[in-house]
Amino acid sequence: MSNLFFYGTLRHAPLLELVMGQTAGKLSAKPAILADHAVYSVKGQPFPMIVAEKGATADGVLVQGLGKDELARLAFYEGGFEYDLRQLTIETSEDGNHQALVFFPDSEAWKTDTLWDFEAWKNDWSALSMLAAQEVMAQYGCVDASTIANSFPAIRTRAWARLAARERNTGDARDTNHDVVIHQRNHPYVNYFGIDEIELQHRQYDGKMGPVLHRSGLMQGSAVIVLPYDPRRDTVLLVEQFRAPVFLIDDPEPWMWEPVAGMIDPGETPEQAAYRETQEEAHVSLSRLEYAGGAYTSSGSSTEYVYLYVGLGDLTTTVESGGLATEGEDIRSTILPFDEFMNMVDTHVFKDLPLLSLAHWLARNRERLRA
């Protein structure tokens, strides 16, 4: 049996219980401190790291009596990231000092920022962390930790999208708590995308519960779609890149002309993502955004929700190597006069649905934008 000291996100009891697969009553957890150490935020990440620092004190919880299964679940949740487990002396106010293991992340992989604020993390990030942990631990015993490590950024993006979806009310009086019955839900696949399978019943228009349906969904994060437009020059900018799904369906032209597009990162607003993606993919700095609506791209098969924008700016240069190499992107751009662009829309040159939607929105609003 082992003792562990948790100084970061696993101080949050609901998250610790989820990872351990136990209820609070079964965990022997008590407040504790680790002397001569401090907990810092990791730069660019919503979790902390611990470092040795003379005279400092790291607050946390001591969990005692963990067995092999609990340690294996912890290692799996860490997702294969590099870390050291060190045995140190932990102090408690209840019953003195104890020896316990402490996770020390790879100092080369993460860089410290400011001192970590646990209460601020609970307010800002605990809900996302719980949703991400649910998806991670649903794969325990099914995939190895390295798979989780590779998938974790996408898992967090999906969790952020789920939180946004919960706020998407339009006034429908029906209540899924009463009008949908879930019999089973599974997570058979996790990678850059996830797949969920579900057996459910939903209330039909005659008021009765319908038959049990077996359905599946491609689980994705939310995305932004941006069509850059220069109202002074009356031009639009498009980007082109290779699209593997288009190739997989045997389309002979998998290089697609599209608007700028990208996933919304955890903690980002759609607007922030729109500005960032336009800079990354097209090297264009927009002066402002015009919101053209939001919608699910294929509600029968995918959870992806997109926020559509026309972005105003000066369009004077194109790129031959846009995007991020770390994400495998190889993007070029082109600038088209509006009339030529709309002629290509009308002659069915383009195969990207968000591009067609934004083209028609721009056609309706062009004179206002140019005024």
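The values are calculated or read from the model by the stated rules, or taken from the named source; none is laboratory data. Nothing here was measured: the structure is a model prediction, and the numbers come from that model. Here the Cβ is made from the backbone with ideal geometry for all residues, glycine too, and neighbour counts use every protein chain on show. Side chains included, ligands, DNA and RNA excluded: accessible areas come from the protein's heavy atoms. Shrake-Rupley method; radii C 1.70, N 1.55, O 1.52, S 1.80 Å.
Numbers for the structure displayed
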quantity: Spin-label pair residue 319/residue 45, simplified geometry with 7 Å Cα→Cβ offset, distance in nm; calculated: 2.6
quantity: Near-label residues of the stretch 182-226 by backbone N, under 20 Å of a point 7 Å along Cα→Cβ of residue 272; calculated: 221-226
quantity: Those trypsin sites (Lys or Arg not before Pro) in the stretch 1-89 that DSSP places in a loop and that have at most 11 other beta carbons within 10 Å; calculated: 43
quantity: Net charge dipole size for the stretch 143-192 [Lys, Arg +1 and Asp, Glu -1 on Cβ; Debye, nearest 20]; calculated: 120
quantity: Alpha carbon centroid spacing (whole Å) that separates the stretch 339-371 from the stretch 11-90; calculated: 53
quantity: Leading residue at positive end of dipole, the chain (Cβ point charges), from 267, 201, 305; calculated: 201
quantity: Segment residue 285-residue 360, length gained on full extension (0.36 nm per residue, minus Cα span); calculated: 24.7 nm
quantity: Accessible surface, the chain, averaged per residue in Å² (probe 1.4 Å); calculated: 53
quantity: Total lysine pairs whose alpha carbons fall under 28 Å of each other in the chain (8 or more apart, or interchain); calculated: 11
quantity: Distance in nm between pseudo-label sites at residue 146 and residue 255 (7 Å out along the Cβ direction from Cα); calculated: 3.4
quantity: Within the accessible area of the stretch 1-105 (1.4 Å probe), percent carbon and sulfur; calculated: 49
quantity: The chain: relative contact order as a whole-number percent, Cα under 8 Å and 6+ apart; calculated: 12
quantity: Heavy-atom accessible surface of the stretch 232-304: percent carbon and sulfur, 1.4 Å; calculated: 55
quantity: Taking the stretch 237-337 and dividing mean pair separation by its residue count, relative contact order in percent (alpha carbons under 8 Å, at least six apart); calculated: 28
quantity: Span from the the stretch 256-300 Cα centroid across to the the stretch 201-231 one, whole angstrom; calculated: 20
quantity: Linear extension gain, residue 95 paired with residue 177, 0.36 nm per residue minus alpha-carbon span; calculated: 25.0 nm
quantity: Calculated FRET value between residue 35 and residue 327, using beta carbons and R₀ = 41 Å, to 0.05; calculated: 0.45
quantity: Nitroxide proxy distance, nm - points 7 Å out along Cα→Cβ at residue 191 and residue 248; calculated: 0.7
quantity: Accessible-area composition of the stretch 106-225, carbon plus sulfur, in percent [1.4 Å probe]; calculated: 50
quantity: Gain upon complete extension [residue 340, residue 170; 0.36 nm per residue less C-alpha separation]; calculated: 57.4 nm
quantity: Charge dipole magnitude, Cβ of K and R +1, D and E -1 - the chain, Cα centre, debye nearest 20; calculated: 860
quantity: Length-normalised contact order of the stretch 1-144 in % [C-alpha pairs under 8 Å, at least 6 apart]; calculated: 32
